[in-house]
Amino acid sequence: MRIASIEILEFPLCVKNKILRIKNITKLNIEYIAGKNIVFNNSNLGLNEPHKIIISNNTQSLVLLCYDNDSNLYNEDLSDTITITELTNIIEYLLKEN
């Protein structure tokens, strides 16, 4: 099956702003990777690759996922929704370990 098109999505500004409001998060490395819509030729199949947020210090990293039109953050295997309170606690831990 050949890929017809890959559309790079714009990273949601509301999610980025929500993350940047967390105290001292800028002391960590943050990488925002835009998601993609992938559409296959001659089929009705397509993939929505989520946006990725990688937050790391010198020794550990956290990968969060988010989708277009969804302001929730998910862990890497999509089994849990990560709240801002939980993320704040994780950030505090990463800062202590830094």
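With charges set only on the Cβ (+1 for Lys and Arg, -1 for Asp and Glu), what does the dipole of the chain come to about its Cα centre, in debye to the nearest 20?
That gives the chain a dipole magnitude of about 300 debye.
In terms of modelled amide H atoms, which long-range or inter-chain residues lie less than 5 Å from the amide H of Ile82?
Leu73, Tyr74, Asn75
Please compute one quarter of the surface area of the Cα convex hull for the chain and express it in square nanometres. If you can, show how the numbers build up before the last one.
Details: hull surface 28.6 nm².
Average of the hull's projected areas for the chain equals 7.1 nm².
Give me the 1.4 Å probe accessible area per residue for the chain, excluding ligands and nucleic acids, in Å². Numbers along the way, then the final one.
Details: 6500 Å² over 98 residues.
Per residue, the chain has an accessible area of 66 Å².
For the chain, take the longest principal axis of its alpha carbons; what is the angle in degrees between that and the long axis of helix 84-97, to the nearest 10 within 0 to 90?
That works out to roughly 60 degrees.
Given a Förster radius of 41 Å and the C-beta distance between Ile6 and Glu86 as r, what FRET efficiency does 1/(1 + (r/R0)^6) yield to the nearest 0.05?
Values: r = 32 Å, r/R0 = 0.79.
According to the calculation, E is roughly 0.80.
Carbon and sulfur together cover what percent of the accessible area of the chain at a 1.4 Å probe radius?
That share works out to 47 percent.
Under the Karplus relation 6.51 cos²θ - 1.76 cosθ + 1.60, θ = phi - 60°, what is the ordered set of whole-Hz ³J(HN,Hα) values for the range 23-33, x standing for Gly and Pro?
Using θ = phi - 60°, the values come out as 4, 6, 5, 5, 7, 9, 7, 10, 10, 10, 10 Hz.
Lys and Arg at +1, Asp and Glu at -1: add these up for the other residues within a Cβ distance under 15 Å of Ile25 and post the number. Before the final figure, lay out each step's value.
Details: positive: Lys16, Lys18, Arg21, Lys23, Lys27, Lys96; negative: Glu31, Glu86, Glu92, Glu97.
Net local charge, Ile25 excluded: +2.
Which residues does the label zone of Val39 cover in the range 1-32, counting backbone N under 17 Å from a point 7 Å along Cα→Cβ?
Of the residues in the range 1-32, 2-10 have backbone N under 17 Å from the label point off Val39.
The values are calculated or read from the model by the stated rules, or taken from the named source; none is laboratory data. Being a predicted model, the structure only gives us computed values, none of them experimental. When we count neighbours, we look across all protein chains shown, and the Cβ atoms used for this are built from the backbone with ideal geometry, even at glycine. Remember, those area values only see protein heavy atoms, side chains included, never the ligands or the DNA or RNA. Shrake-Rupley method; radii C 1.70, N 1.55, O 1.52, S 1.80 Å.
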